[in-house]
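S.K.: Got a structure here, written out as structure tokens. Questions coming.
The values are calculated or read from the model by the stated rules, or taken from the named source; none is laboratory data. Note that this is a predicted model, so its numbers are computed, not measured. A quick note on method: Cβ atoms are made from the backbone with ideal geometry, for glycine too, and the neighbour counts reach across all protein chains shown. Heavy atoms of the whole protein, side chains included, go into the accessibility calculation; ligands, DNA and RNA do not. Shrake-Rupley method; radii C 1.70, N 1.55, O 1.52, S 1.80 Å.
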Amino acid sequence: MTRKHNDRVRPAPAGTRKRNQRSRPASMGLHVALIIAAVVAVFPPLWLLITSFKPRNDAFSTGVVTHFTFANYTHVLADTEFLTWFKNSVVVVGLTTVLGVFIAATTGYAVSRFRFPGMRPLMWLLLITQMFPVAVLIVPLYNLLASLGLLNQPAGLVITYLTIAVPFCAWMMKGYFDTIPVEIDESGRVDGLNPFGTFWRLVLPLARPGLAVTGFYTFVTAWAEVAYASAFMTGEENLTLAGGLQTFVNQYTNDWGSMTAAAVIIAVPAALVFACAQRHLVAGLTAGTTKG
């Protein structure tokens, strides 16, 4: 059949829009909403940064910095136990991140690849543990750590943070491993690798985006947590950064300049970790929600 000359696709009439094309008012409204949301998100950390460079007497002033000073940073680093708190946090967060990633990855791989009695109850148990508020768990965890002699010990906080991070990360890693073809495991067994060797040499290198998300979540969980760090660690030499910040502003003192300066310093490592992991975050989060 030949197509007639007049059987051509006619151009859309003037003034009509494609189905997914927004109108000009809708597009302007969307951009205005995004700008407002960006300002709301950026304003608190920006004001925190500005306040950290103000003298103590000007901490509550609404103007910009009129007397620029590094006195708050100098006081925090030289006259307080901030460096000790920083060292304690690095130890706790480092151990939590390494152990959390390893435990979550091995648990997620085992549940993704093997079938064993109690597998489904185990996964439900991991999910249920995320439903309890922090306030409910402080007392039983405190009593447990006290009976084990782990209060005021970095190991106590590491174990506590693992109970927060591992269940969620194990679920996420299970979803990510589901997207990796099982044929890779079979090829490893053909080459004589045991299950752990297959996991370590073949599957784990392919799971870097998922590992990046797991590591970042575990890091943030331990770096920014306040309730457990304040309840389980006492004495300035044992505090982490989260607990140390509370020494600047409490019922006895009111040093907002030092508080803001310390908060800015604490935010720097978190920003660096995010910058290193951001290229894997989207891929890891999206892949962990689908099954191949």
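S.K.: Please identify the pairs in which a residue from the range 73-97 that is closer than 28 Å to Ile50 by Cβ and charged (D, E, K, R) has its Cβ atom under 8 Å from the Cβ atom of a residue that is open to solvent by 40 Å² or more (accessible area, probe 1.4 Å) and part of a helix (DSSP H, G or I), counting only partners at least 6 apart or on another chain.
M.R.: Qualifying pairs under 8 Å: none.
S.K.: OK, next. What do you reckon, is Leu162 closer than 17 Å to Phe114 by Cβ and either open to solvent by 10 Å² or more (accessible area, probe 1.4 Å) or not aliphatic (A, V, I, L, M) (or both)?
M.R.: Details: closer than 17 Å to Phe114 by Cβ: no; either open to solvent by 10 Å² or more (accessible area, probe 1.4 Å) or not aliphatic (A, V, I, L, M) (or both): yes.
No: the conditions fail for Leu162.
S.K.: Still on this model: Inside the range 65-78, can you point out the residues that are loosely packed, with under 11 Cβ neighbours inside 10 Å and either at pLDDT 90 or above or within 31 Å of the chain's Cα centre (by Cα) (or both)?
M.R.: Answer for the range 65-78, where residues must be loosely packed, with under 11 Cβ neighbours inside 10 Å and either at pLDDT 90 or above or within 31 Å of the chain's Cα centre (by Cα) (or both): just Ala78.
S.K.: So which of Phe86, Phe60 ends up being over 24 Å from Thr179 (Cβ atoms) and either in contact with a Gly (Cβ under 9 Å, 6 or more places away or on another chain) or basic (Lys, Arg) (or both)?
M.R.: Every option except Phe86 fails the conditions.
S.K.: Which of the residues that make up the range 45-64 are farther than 20 Å from Ala271 by Cα, surrounded by 15 or more Cβ atoms within 10 Å (Cβ to Cβ) and either at pLDDT 90 or above or of a type in the set (Gly, Ala, Ser) (or both)?
M.R.: Residue satisfying the conditions is Ala59 alone.
Okay, residues lined up against (1) farther than 25 Å from Leu122 by Cβ; (2) free of Cβ contacts under 8 Å to residues at least 12 places away in the same chain; (3) part of a helix (DSSP H, G or I):
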site: Tyr142; (1), (2), (3): yes, no, yes
site: Leu145; (1), (2), (3): no, no, yes
site: Trp171; (1), (2), (3): no, no, yes
site: Phe177; (1), (2), (3): no, no, yes
site: Arg189; (1), (2), (3): no, yes, yes
site: Thr221; (1), (2), (3): no, no, yes
site: Ser230; (1), (2), (3): yes, no, yes
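S.K.: Something else about it: Output the number of the condition that Leu151 fails; it satisfies all remaining conditions of (1) at pLDDT 90 or above; (2) part of a helix (DSSP H, G or I); (3) open to solvent by less than 80 Å² (accessible area, probe 1.4 Å); (4) not charged (D, E, K, R).
M.R.: Failing condition for Leu151: (2).
S.K.: What are the residues in the range 245-292 that are of a type outside the set (Ser, Thr, Tyr), open to solvent by 50 Å² or more (accessible area, probe 1.4 Å), part of a loop (DSSP other than H, G, I, E, B) and at pLDDT below 85, if any?
M.R.: Asn250, Gln251, Lys291, Gly292
S.K.: Which pairs do you get when a residue that is open to solvent by 60 Å² or more (accessible area, probe 1.4 Å), found in the range 15-38, comes within reach of a residue that is at pLDDT below 85, reach meaning Cβ atoms under 9 angstrom, with the pair 6+ apart or on two chains?
M.R.: Arg17/Ser23; Lys18/Ala12; Leu30/Arg22
S.K.: Of the residues that sit in the range 79-115 and are β-branched (Val, Ile, Thr) and surrounded by fewer than 17 Cβ atoms within 10 Å (Cβ to Cβ), which one is farthest from Trp200 (Cα to Cα)? Write out each step before concluding.
M.R.: In the first step, residues of the range 79-115 are kept if they are β-branched (Val, Ile, Thr); the result is 80, 84, 90-93, 96-98, 101, 103, 106-107, 111.
Next cut, surrounded by fewer than 17 Cβ atoms within 10 Å (Cβ to Cβ) only: 84, 90-91, 98, 106.
Values: Thr84: 36, Val90: 26, Val91: 25, Val98: 15, Thr106: 9 Å.
Applying the filter and picking the extreme gives Thr84.
S.K.: OK, next. Looking at the range 42-77 only, could you name the residues that are aromatic (Phe, Trp, Tyr), farther than 10 Å from Trp256 by Cβ and not in a helix (DSSP H, G or I)? Before you say what the answer is, go through the steps one by one.
M.R.: Pass one, the range 42-77, residues aromatic (Phe, Trp, Tyr): 43, 47, 53, 60, 68, 70, 73.
Going one step further and asking which of them are farther than 10 Å from Trp256 by Cβ, we end up with 43, 47, 53, 68, 70, 73.
Selection gives Phe53, Phe68, Phe70.
S.K.: Further, regarding this structure: Working only within the range 217-226, note down all residues that are of a type outside the set (Ser, Thr, Tyr) and surrounded by fewer than 21 Cβ atoms within 10 Å (Cβ to Cβ). Can you show your working first?
M.R.: Initially, the range 217-226 is screened for residues of a type outside the set (Ser, Thr, Tyr), giving 219-220, 222-226.
Residues satisfying the conditions are Val220, Ala224, Val226.
S.K.: Being open to solvent by 80 Å² or more (accessible area, probe 1.4 Å) and of a type in the set (Gly, Ala, Ser) is the filter here, so list the residues in the range 136-148 that pass it.
M.R.: Ser147
S.K.: Return the only residue of Tyr109, Tyr161 being of a type outside the set (A, V, I, L, M, F, W, C), assigned to a helix (DSSP H, G or I) and within 25 Å of Phe248 (Cα to Cα).
M.R.: Values: Tyr109 fails: within 25 Å of Phe248 (Cα to Cα).
Tyr161 is the lone residue from the list that is of a type outside the set (A, V, I, L, M, F, W, C), assigned to a helix (DSSP H, G or I) and within 25 Å of Phe248 (Cα to Cα).
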